[in-house]
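Reviewing the structure listed below.
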Amino acid sequence: MEIKLGKRLRQLRNQRGATQEELASQIGVTYQAVSKWENDTTMPDTALLPQIAMALGVTIDALFSVDRSDELRRVDLILQQGAVSDEQFGYVSRLLNAILRENPEDTDAKKRYLRLYLLRRHSDRLAAENLLAQLLTLCCEDDELYLYCRDLYGGGGEVRHADNRQFVERCRDFVMAHPEAVRVREYLIEALIDLRRYDEAQALTDGLPTEDAYAAYLPEIWFGDLLLARGNTDAAVSVWRTVPIENHKGQYEVGVRLERLGDTDGAKTCYEASFSAAEYPRDLSAVYALAFLREKQGDIRGAIDAWETVLAVLSSDWNKTGGEDVDWPRIEICRLRAVL
């Protein structure tokens, strides 16, 4: 639905909590000018649009955007980053506050807010914990929330500043009630192993949904993890090697574990098997791992070949010929060719 610029300006100004006088002062015009713009009596000079957008904390395009979904797409792109600037935090929080004023129980908006706080967990940890508690009350059956629990509290030995006890308490009952929540169960097992609560972890390796292809190989992977945690490295490797070669996800997970143990040749074999077994559209996780591993081994030509495979599959299987996914392998290829 199209609306006039005046209504859009008023909407953005109200979201920011500014008066017409305050906005006018920031732009360097009179408040009467702002009033005329908002009433669609006059239009602002195009030369002022960058200043107006900056004062309202949005892009120039956003001044003319009337579809909130456009703004939410921008928010989701911001939330995919590893960190947010103060300006981005202000923009996202203002938009989400406006949505929550209209509907205080909008769980999608609350989830986005939680993700925003998770990006600033060191400074906004208490806010993140409070919002997570609200969401668990509103929709405790949502497995996505327990993945956010992992981001906030930990869930594995590799998570810095992890509070795995807190994570275990939050999601144990959920996992027992929802065997289909495979990813949450995986994080719970990691947390229990990290806490050396091996018997509890072992009890969770059974009862996975048999029809889930992703879950088919996990009992062997997790049993091997438990053996490794107890110091039985050879036994762990033997269990991992029982994962069928045609299970591409299983082979990738085994490769990751062998690489951690220093068996780079074994890892490379698993990564190659994983990619060979992948079905269309092919998962590229194993090829990325191969590129990094080959470079680490000094096989620069092999690393370049892996990145070229990434480009080819992005085009053929995923119809991607531009954007960040494509730019990354291109940059890596140029960097590696300079080393040859």
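The values are calculated or read from the model by the stated rules, or taken from the named source; none is laboratory data. Treat the numbers as computed from the prediction; the structure is a model and nothing was measured. FYI the Cβ positions are ideal-geometry reconstructions off the backbone, even for glycines, and counts take in every protein chain you see. Please note that ligands, DNA and RNA were not included when accessible areas were found on the heavy atoms of the full protein model with its side chains. Shrake-Rupley method; radii C 1.70, N 1.55, O 1.52, S 1.80 Å.
Numbers below:
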quantity: Unique match (being modelled with pLDDT of 95 or more and either surrounded by fewer than 19 Cβ atoms within 10 Å (Cβ to Cβ) or of a type outside the set (Asp, Glu) (or both)) among CYS334, CYS270; calculated: CYS270
quantity: Region 140-155 residues that are open to solvent by less than 20 Å² (accessible area, probe 1.4 Å), paired with ones that are in a loop (DSSP other than H, G, I, E, B) (beta carbon under 6 Å, 6 or more apart); calculated: TYR153/ASP163; GLY154/ALA162; GLY154/ASP163
quantity: Residue among PHE275, PHE223 that alone is in a helix (DSSP H, G or I), under 19 Å from ALA191 (Cα atoms) and open to solvent by 30 Å² or more (accessible area, probe 1.4 Å); calculated: PHE223
quantity: Sole exception among (1) more than 20 Å from ASN247 (Cα to Cα); (2) surrounded by 20 or more Cβ atoms within 10 Å (Cβ to Cβ) for ASP325, by number; calculated: (2)
quantity: Region 235-260 - residue that is of a type in the set (A, V, I, L, M, F, W, C) and either modelled with pLDDT of 95 or more or in a helix (DSSP H, G or I) (or both) and, of those, nearest to ALA312 (Cα to Cα); calculated: VAL256
quantity: Lone unmet requirement of (1) within 30 Å of ALA133 (Cβ to Cβ); (2) touching a helix residue (DSSP H, G or I) at 6+ places or on another chain (Cβ under 6 Å); (3) β-branched (Val, Ile, Thr) for VAL182; calculated: (2)
quantity: Enumeration of residues in region 92-117 that are part of a helix (DSSP H, G or I), free of Cβ contacts under 8 Å to residues at least 40 places away in the same chain and either of a type in the set (S, T, N, Q) or open to solvent by less than 10 Å² (accessible area, probe 1.4 Å) (or both); calculated: VAL92, SER93, LEU96, THR107, ALA109, LEU114, LEU116
quantity: Some residue of region 313-321 being touching a residue at least 24 places away in the same chain (Cβ under 8 Å), assigned to a helix (DSSP H, G or I) and under 28 Å from LEU77 (Cβ atoms); calculated: yes
quantity: Members of region 236-257 that are without any contact (Cβ under 8 Å) to a residue 24 or more places away in the chain and surrounded by fewer than 15 Cβ atoms within 10 Å (Cβ to Cβ); calculated: SER238, ARG241, THR242
